[in-house]
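Report on one structure; see the data block that follows.
The values are calculated or read from the model by the stated rules, or taken from the named source; none is laboratory data. Just so we're clear, the structure is a prediction, and the values are computed from it rather than from any experiment. Here the Cβ is made from the backbone with ideal geometry for all residues, glycine too, and neighbour counts use every protein chain on show.
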Amino acid sequence: MLKVCKFGGTSMADAASIRIVEDIVHGDKSRKYVVVSAPGKRFKEDEKVTDLLYKAYELRRDEKAFSEVFKKIEERFDGIISDLGLSFSLKKEYGEIRDEIKKSTSADYAASRGEYLAAVVLAEYLGFSFVDTRDIVKFDERNIFDMPLTEKRTAAALAGKVYAVIPGFYGSNLKGDVVTFSRGGSDITGSIVAGAVDADLYENWTDVDGFLTADPRVVKNPKLIDKLSYKELRELSYMGASVLHHEAIFPVKRAGIPINVKNTFDKKKNGTLIMPYVDLPKSDKTITGIAGKRGYSVINIEKSMLNNEIGFVRKVLSVLEKHAISFEHMPTGIDTLSIVVADSEMKSPSDLLCEISSEVRPDAINIVSGLSLIAVVGHGMLKRKGTAAKVCSALADNEINIRMIDQGGSELNIIVAVDTNDYEKGINAIYNAFFE
Ligand code: ASP
């Protein structure tokens with residue numbers, strides 16, 4: 001049995017939590033490779049080490065302000081080292097990192113040092129080898145992640161190591177410069193390591209019990225999801241369920257390695273098991289979870305006889321492509337086409353409308369903003385009648401208007417767009433209809 005464990009920022013936040021990490025890792029000999037995040041928040045107002053490092057990078061030209069921030073980072077690690085009763089010093093590393101940050105032209109190197117130092121400390125504490133991800137997680141010349149090369153390098157680097165600690169979140173490009181994944185990216189590193197060593201299980205240790213059926217900031221005490229499939233995970237995490245990075249699925253997917261999300265601070269709980277697929281006949285659930293995001297707009301385009309105009313959609317989409325805008329949904333009618341786009345994608349909406357107009361000469365075109373998307377996800381809805389009806393009547397009973405509805409052909413999800421004012425009420429209405 002071989003397990004790869006990833007511990008998140010809260011698990012690495014201070015000596016007390018790192019002692020729990022040690023207990024978990026040493027409690028099971030099959031936990032051989034440990035991937036870590038940088039120390040996160042110890043209390044609500046605390047600062048994450050990664051945030052401090054981004055700040056240090058921003059202030060790198062202002063010696064006094066830079067030193068003030070960097071000192072906080074040093075104190076954080078020195079505190080952990082002395083509270084753990086370790087006797088080594090990171091002084092040399094601090095000096096190197098200070099110099100490198102001042103020279104660097106991207107924030108990635110600075111941001112990565114939290115994971116680096118956390119892994120150095122944990123390797124020392126556990127008595128494990130330290131393996132630097134800079135040498136094994138590779139990005140190409142455009143800083144795009146190179147999965148085949150990474151897998152090869154990771155497998156080779158770990159082949160001779162029985163137990164190792166590996167920093168998450170970063171790697172390097174062909175020039176050797178540090179490149180990071182997006183925020184929360186240590187989940188991806190954990191998955192990469194699990195895939196590369198063909199682990200039996202990828203354990204993702206965090207500060208919550210697992211995946212919840214809805215966002216606890218929106219629904220009071222939502223139920224825990226005990227099992228879900230890779231596909232359901234992808235849908236839920238893409239649509240805002242933030243327990244696991246939404247790209248963490250890919251490296252383990254090919255090898256079919258299950259992921260177990262578990263709570264470091266309540267380790268006896270089973271957590272959520274994410275499997276390649278779920279055994280539908282054994283499951284009586286119609287839906288597995290609900291997720292959602294605020295901040296969307298719809299571009300509405302109207303033109304008579306649009307259905308007969310070959311190439312109409314391609315022309316519209318070519319304008320989006322030119323503006324490097326990715327869209328989420330595209331419901332169509334006979335004479336209408338709507339495109340749902342995240343507000344963050346839309347840099348200059350008026351230019352976009354002008355260009356689409358000159359490309360396809362519509363009868364009418366407008367943008368409606370202030371929308372939110374709610375995703376109702378679950379394999380259980382496959383061939384089961386009435387799921388969409390239940391979603392719609394839950395919303396109607398709560399006087400919520402559906403601005404758009406979209407169900408994929410795979411019957412894995414139903415997406416509805418509602419006014420952002422109705423977002424929380426809508427999620428609660430759907431939650432109550434399916435889970436209460
Ligand atoms: N430390 C990084 C962040 O705060 C990466 C991670 O924790 O996964 O986003």
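Could you list, in sequence order, all residues of segment 16-43 that are within 16 Å of the ligand (Cβ to nearest atom) and either modelled with pLDDT under 95 or out of contact with any strand residue (DSSP E or B) (no Cβ under 6 Å at 6 or more places or on another chain) (or both)?
Those that are within 16 Å of the ligand (Cβ to nearest atom) and either modelled with pLDDT under 95 or out of contact with any strand residue (DSSP E or B) (no Cβ under 6 Å at 6 or more places or on another chain) (or both): 17, 18, 37, 38, 39, 40, 41, 42.
So which of 80, 97 ends up being free of Cβ contacts under 8 Å to residues at least 40 places away in the same chain and crowded, with 20+ Cβ neighbours inside 10 Å?
Going through 80, 97 in turn, the sole match is 97.
Return the pair list, or none, for Cβ contacts closer than 6 Å from residues in segment 158-176 that are touching a residue at least 40 places away in the same chain (Cβ under 8 Å) to residues that are aromatic (Phe, Trp, Tyr) and in a strand (DSSP E or B), at least 6 apart or on different chains.
Within 6 Å, the pairs are 164/33; 165/130.
Among the residues in segment 120-138, are any acidic (Asp, Glu) and closer than 15 Å to residue 170 by Cα?
Within segment 120-138, one or more residues are acidic (Asp, Glu) and closer than 15 Å to residue 170 by Cα.
Being among the β-branched types (Val, Ile, Thr) and assigned to a strand (DSSP E or B) is the filter; apply it to segment 153-187 and report the residue that is farthest from the ligand (Cβ to nearest atom).
Here the residue is 165.
Which residues, taken from segment 405-432, are over 17 Å from residue 240 (Cβ atoms) and at pLDDT below 95?
Matches in segment 405-432: 405, 407, 408, 409, 410, 411.
Residues that are closer than 27 Å to residue 197 by Cβ, at least 2 per element: which helices (runs of 4 or more DSSP H) completely within segment 207-323 meet that?
230-238, 249-253
Name the residue, out of 390, 322, that is within 28 Å of residue 232 (Cβ to Cβ) and either touching a Cys at 6+ places or on another chain (Cβ under 9 Å) or of a type in the set (Lys, Arg) (or both).
Exactly one residue qualifies, and that residue is 390.
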